[in-house]
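Chemist: Sharing a structure with you now.
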Amino acid sequence: QGTDLNGKIVFTFAGALGYRKGIHLILEAMSVVLKEISNAHLIIAGFGEYEESLKSKVSAQGGSASGGESLKLDQNITLSSWLDSVKLRELLLVSDVFLYPSISFGGWEEQFGYSMAEASLMEVPVISTKTGSIEEVVIDNGTGLLIEPNDTKSLIEAMLKLGRDEKLRSDFGKAGRKYIEENYSYKIIADKFYKFFQSL
């Protein structure tokens, strides 16, 4: 993607770029996280109705932050188009933490989070929210950290906690891979369907 990520703590979001995915919260949190973790970098990959607004927000926040400090936020964020499964895995290989602060919006709540499961399979810890079926994919304080929706303060705290603790990231990542393999592998799903149809 043309960005040198060597020595960076890479936070990643990948998915549809919509308000309901909480991307605006990620941008708010990142401006604070950068004050504490100067080598933090954010990658946002996807497309959707929020794409142009996102580009504008990154540019607008690039010059200033609260307190009048210049954070150059635009230099610490990489925007990418939608990735296929191969490119997504390549992205996750360079990621340290996967962000997915989904919120309820207009009666909609997050269903099974494929990208979160993919991150766990790649041993990347996940920060997400307690909404929809996310708690079936991410185990709080086990494979990642779950926060309340629309809670920027808790998102910042979770990003700082994982961003600063390499061992915790590794522990959550390994547990995440094990959890997804044991509960959502093709064989496990096939067995569940088999048992379901046998019970009819």
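The values are calculated or read from the model by the stated rules, or taken from the named source; none is laboratory data. Remember, predicted model here, so these are calculated numbers, not experimental data. A quick note on method: Cβ atoms are made from the backbone with ideal geometry, for glycine too, and the neighbour counts reach across all protein chains shown. Only protein heavy atoms, including side chains, enter the accessible area calculation; ligands, DNA and RNA are left aside. Shrake-Rupley method; radii C 1.70, N 1.55, O 1.52, S 1.80 Å.
Chemist: So LYS167 fits all but one of (1) touching a residue at least 12 places away in the same chain (Cβ under 8 Å); (2) within 26 Å of GLY7 (Cβ to Cβ); (3) among the charged types (D, E, K, R); what number is the exception?
Modeler: Unmet for LYS167, out of (1) touching a residue at least 12 places away in the same chain (Cβ under 8 Å); (2) within 26 Å of GLY7 (Cβ to Cβ); (3) among the charged types (D, E, K, R): (1).
Chemist: Counting only residues that are assigned to a loop (DSSP other than H, G, I, E, B), closer than 19 Å to ILE44 by Cβ and among the hydrophobic types (A, V, I, L, M, F, W, C), which one in the stretch 107-137 is farthest from the chain's Cα centre (by Cα)? First the steps, then the outcome.
Modeler: As a first pass, look at the stretch 107-137 and keep what is assigned to a loop (DSSP other than H, G, I, E, B): 107, 109-113, 122-125, 130-133, 137.
Applying the additional criterion that residues be closer than 19 Å to ILE44 by Cβ yields 110, 113, 122, 124-125.
Subsequent filtering for residues that are among the hydrophobic types (A, V, I, L, M, F, W, C) retains 122, 124.
Working: MET122: 13, VAL124: 9 Å.
Restricting to residues being assigned to a loop (DSSP other than H, G, I, E, B), closer than 19 Å to ILE44 by Cβ and among the hydrophobic types (A, V, I, L, M, F, W, C), the top hit is MET122.
Chemist: Is there any pair with a first residue in the stretch 19-34 that is within 17 Å of LEU160 (Cβ to Cβ) and a second that is among the charged types (D, E, K, R) whose Cβ atoms are under 8 Å apart and which are 6 or more apart or on different chains, and what are they?
Modeler: Listed pairs, sorted by first residue: LEU27/LYS57.
Chemist: Kindly list the number of the only condition in (1) open to solvent by 10 Å² or more (accessible area, probe 1.4 Å); (2) over 19 Å from HIS24 (Cβ atoms); (3) touching a Lys or Arg at 6+ places or on another chain (Cβ under 7 Å) that fails for ARG89.
Modeler: (3)
Chemist: Related question: Of the conditions (1) at pLDDT below 95; (2) touching a strand residue (DSSP E or B) at 6+ places or on another chain (Cβ under 6 Å), SER185 clears all except one; give me its number.
Modeler: Condition (2) is where SER185 drops out.
Chemist: Can you tell me which residue within the stretch 139-160, out of those that are among the polar types (S, T, N, Q) and open to solvent by 50 Å² or more (accessible area, probe 1.4 Å), is nearest to ALA16 (Cα to Cα)? Let's see the steps before the verdict.
Modeler: Going residue by residue through the stretch 139-160, those that are among the polar types (S, T, N, Q) are 141, 143, 150, 152, 154.
Okay, now just the ones that are also open to solvent by 50 Å² or more (accessible area, probe 1.4 Å), so 141, 150.
Working: ASN141: 26, ASN150: 18 Å.
Filtering the stretch 139-160 for residues that are among the polar types (S, T, N, Q) and open to solvent by 50 Å² or more (accessible area, probe 1.4 Å), the one nearest to ALA16 (Cα to Cα) comes out as ASN150.
Chemist: Against the definition (among the charged types (D, E, K, R), within 20 Å of ILE103 (Cβ to Cβ), at pLDDT 95 or above and surrounded by fewer than 17 Cβ atoms within 10 Å (Cβ to Cβ)), how does GLU136 come out, yes or no? Walk me through it before giving the result.
Modeler: On the way: among the charged types (D, E, K, R): yes; within 20 Å of ILE103 (Cβ to Cβ): yes; at pLDDT 95 or above: no; surrounded by fewer than 17 Cβ atoms within 10 Å (Cβ to Cβ): yes.
No: the conditions fail for GLU136.
Chemist: Which condition breaks for GLY173 when tested against (1) surrounded by fewer than 19 Cβ atoms within 10 Å (Cβ to Cβ); (2) modelled with pLDDT of 90 or more?
Modeler: GLY173 satisfies all of (1) surrounded by fewer than 19 Cβ atoms within 10 Å (Cβ to Cβ); (2) modelled with pLDDT of 90 or more except (1).
Chemist: Before we move on, is LEU5 in contact with an Asp or Glu (Cβ under 6 Å, 6 or more places away or on another chain), assigned to a loop (DSSP other than H, G, I, E, B), hydrophobic (A, V, I, L, M, F, W, C) and at pLDDT 70 or above? Walk me through how you get there before you give the answer.
Modeler: Working: in contact with an Asp or Glu (Cβ under 6 Å, 6 or more places away or on another chain): no; assigned to a loop (DSSP other than H, G, I, E, B): yes; hydrophobic (A, V, I, L, M, F, W, C): yes; at pLDDT 70 or above: yes.
The answer is no for LEU5.
Chemist: Another question about this same structure. Going by the conditions given, is LEU91 in contact with a helix residue (DSSP H, G or I) (Cβ under 8 Å, 6 or more places away or on another chain) and either aliphatic (A, V, I, L, M) or closer than 18 Å to ILE9 by Cα (or both)?
Modeler: no
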